[in-house]
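I have placed the structure first, in the form of structure tokens, so that the comments after it can refer back to it.
The values are calculated or read from the model by the stated rules, or taken from the named source; none is laboratory data. Everything quoted here is computed from the prediction, not taken from an experiment. Every residue, glycine among them, receives a Cβ derived from its backbone with ideal geometry; neighbour counts consider all protein chains shown.
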Amino acid sequence: MNSRTATVRRDTTETQISVTLNLDGSGKSKLSIGLPFLEHMLDQVARHGMIDLDITAHGDLKIDAHHTVEDVGITFGQALTQALGEKKGIRRYGHPASSTTFSFPARASVNSMSICSTNSSRAS
């Protein structure tokens, strides 16, 4: 199997984002985004998905978090799509709720997540 890794950089007027991931990692994350809750959630994706994830983001947080959150998501999605390649060897965490969505219990709540991996031009 080919290496399922990717590095993607996104520079806009508002943000500079760098994402490096290894889908066959050990669950380590190195996150410097400036938004503690987003860092926590991405750490959980890395830890439970056994993905090594390194994200550095510099954004216009003095104005608000919108651009940083949006551009981290876009860049993470682009890196994930690139690393998936032929999309073989994917392991699931949680319970299938549909063909594209998985849910998992977390303390007193049930969470669901859907990751769409396309080559859509909307996310460029």
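Answer yes or no as to whether Asp52 is closer than 22 Å to Lys87 by Cβ, acidic (Asp, Glu) and crowded, with 16+ Cβ neighbours inside 10 Å.
So Asp52 fits the description; yes.
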Taking first residues from segment 49-68 that are closer than 10 Å to Gly34 by Cβ and second residues anywhere that are in a loop (DSSP other than H, G, I, E, B) and among the hydroxyl-bearing types (Ser, Thr, Tyr), the pairs with Cβ under 6 Å that are 6 or more apart or on different chains are Gly59/Thr15; Thr68/Thr15
Go through (1) under 20 Å from His67 (Cβ atoms); (2) surrounded by 18 or more Cβ atoms within 10 Å (Cβ to Cβ) and name the single condition Thr12 misses. (2)
Hey, can you tell me all the residues within segment 55-70 that are among the hydroxyl-bearing types (Ser, Thr, Tyr) and surrounded by 17 or more Cβ atoms within 10 Å (Cβ to Cβ)? Thr68
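Can you list the strands (runs of 3 or more DSSP E) found entirely within segment 1-103 that contain at least 1 residues being of a type in the set (Lys, Arg) and at pLDDT 90 or above?
5-11, 29-32
Just for segment 28-38: of the residues that are surrounded by fewer than 17 Cβ atoms within 10 Å (Cβ to Cβ) and in contact with a strand residue (DSSP E or B) (Cβ under 7 Å, 6 or more places away or on another chain), which one is nearest to Glu70 (Cα to Cα)? Steps first, answer last, please.
Residues of segment 28-38 that are surrounded by fewer than 17 Cβ atoms within 10 Å (Cβ to Cβ), as a first pass: 28, 30, 32, 34, 36-37.
This time we only want the ones that are in contact with a strand residue (DSSP E or B) (Cβ under 7 Å, 6 or more places away or on another chain), so: 28, 30, 32, 34.
On the way: Lys28: 23, Lys30: 19, Ser32: 15, Gly34: 14 Å.
Applying the filter and picking the extreme gives Gly34.
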